[in-house]
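This report refers to the structure that appears directly beneath it.
The values are calculated or read from the model by the stated rules, or taken from the named source; none is laboratory data. Keep in mind that what you see is a predicted model, and the values were worked out from it rather than measured. Cβ placement follows ideal geometry from the backbone for every residue including glycine, while neighbour counts extend to all protein chains displayed. For the accessible areas, the whole protein counts, side chains as well, though only heavy atoms, and no ligand, DNA or RNA atoms are used. Shrake-Rupley method; radii C 1.70, N 1.55, O 1.52, S 1.80 Å.
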Amino acid sequence: MINKILKSKVFSNGAYLYILQFFNTVLPLFTIPYITRILGDSQYGVFSKMFNYITYFQAFVEYGFALAGARAVSLSKTEEERNKIFSSITYSKILLTLVSVVAVAILSVTLAKTPTQTACMLILALMLVAKIFTQTWFLQGMEHMRPITVVSIISRSISTVLIFAFVKRPSDLLLYTVLFVATNLITGLLGTAVIVKKFKVKLVKLGFSDIKFALV
C-alpha cells in the first residue's frame with residue numbers, strides 16, 4: 001500500500017512541488033544576509049522598495065491563473081483543448097503585462113527619486129515579462145513538476161554563486177538586480193521550452209472573446 005502511494009503520480013508531483021517551495025524558502029536565508037551587508041541599508045532599501053512595487057504588479061499579471069489554469073489543464077482531454085487553455089492564459093498575461101509595464105514606467109518617473117531607483121525599477125519590471133513564461137500552473141495541471149523543479153533549482157543556484165562572486169560593494173546594486181531578474185527569466189523560458197517539447201503545446205489563434213473569457 002505504502003509502495004503504491006510512493007510510486008503514484010500525485011505523490012511524486014506533490015513531492016517535487018514541496019521541494020521547490022522548500023528550496024525557494026531556504027535559499028534566501030543565505031543570500032539576504034550577505035546582500036544586506038554588502039549593499040548596506042540604503043542601497044538594499046532601494047531594491048526592497050522597488051521590488052515591493054513590482055510585487056503588486058506580479059500578482060496582477062498572475063491574476064489567479066496558477067489555480068484556474070492548473071484546474072483547467074487537469075480536466076482537459078485533448079491536445080487541442082490544452083493549446084487553447086495555454087494560448088488564452090498566455091495572451092491574457094501579455095495583455096496584463098503591457099498594462100503593468102506602462103504603469104511601472106509612470107511610477108518610475110513619478111516615485112523614483114534618483115536615477116538608480118529608476119533603473120532598479122525598470123530592470124525589475126522584466127520580472128513581469130518573466131511571468132508570461134512562468135508555466136508552473138500547466139505542469140501542475142499535467143502532474144509533471146519534476147522538470148520545472150530541477151530547472152528552478154539549477155538556475156537559482158547558479159544565480160546565487162554569481163551573486164557571491166561578483167556583488168562586492170554597494171555600487172553593485174544594479175548588478176544584483178540584473179542577476180535577481182535573470183533567474184526568473186531563465187526559469188520561465190526553460191519551463192516553457194519543457195512543456196512545448198514534452199506536451200507539444202503551441203500558441204493558437206484566438207479571438208478577443210476567448211481572452212475575455214479567460215480573464216472573467
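For the stretch 163-173, which residues satisfy the criterion of being open to solvent by less than 60 Å² (accessible area, probe 1.4 Å) and in contact with a Ser or Thr (Cβ under 9 Å, 6 or more places away or on another chain)? Result: Ile163, Leu173. Looking for something in contact with a helix residue (DSSP H, G or I) (Cβ under 9 Å, 6 or more places away or on another chain), open to solvent by less than 70 Å² (accessible area, probe 1.4 Å), under 21 Å from Ala214 (Cα atoms) and assigned to a helix (DSSP H, G or I) - is there at least one such residue anywhere in the stretch 34-57? Yes, the stretch 34-57 contains a residue that is in contact with a helix residue (DSSP H, G or I) (Cβ under 9 Å, 6 or more places away or on another chain), open to solvent by less than 70 Å² (accessible area, probe 1.4 Å), under 21 Å from Ala214 (Cα atoms) and assigned to a helix (DSSP H, G or I). Working carefully through the options Val129, Val101, Val109, find the one that is free of Cβ contacts under 8 Å to residues at least 40 places away in the same chain, within 30 Å of Ala68 (Cα to Cα) and hydrophobic (A, V, I, L, M, F, W, C). Result: Val101 is the single residue among Val129, Val101, Val109 that is free of Cβ contacts under 8 Å to residues at least 40 places away in the same chain, within 30 Å of Ala68 (Cα to Cα) and hydrophobic (A, V, I, L, M, F, W, C). In the stretch 201-216, the residues that are closer than 18 Å to Val73 by Cβ form Cβ pairs under 8 Å with partners that are open to solvent by 40 Å² or more (accessible area, probe 1.4 Å) and of a type in the set (Val, Ile, Thr), at six or more places apart or across chains, as follows: Lys202/Val196.
Pairing residues of the stretch 31-56 that are within 17 Å of Lys168 (Cβ to Cβ) and touching a residue at least 24 places away in the same chain (Cβ under 8 Å) with residues that are open to solvent by 60 Å² or more (accessible area, probe 1.4 Å) and part of a helix (DSSP H, G or I), at Cβ distances under 6 Å and at least 6 apart in sequence or on separate chains, gives Leu39/Pro170; Gly40/Pro170; Gln43/Pro170.
Identify, from the list Thr116, Thr160, the residue that is modelled with pLDDT of 90 or more, open to solvent by 10 Å² or more (accessible area, probe 1.4 Å), within 18 Å of the chain's Cα centre (by Cα) and under 30 Å from Ser42 (Cβ atoms). Answer to the check: Thr160.
One residue stands out among those in the stretch 140-170 that are assigned to a loop (DSSP other than H, G, I, E, B) and of a type in the set (Lys, Arg): the one that is farthest from Lys198 (Cα to Cα), which is Arg169. In the stretch 184-216, the qualifying residues are those that are small (Gly, Ala, Ser) and under 15 Å from Val150 (Cβ atoms), and the one that is surrounded by the fewest Cβ atoms within 10 Å (Cβ to Cβ) is Ala193.
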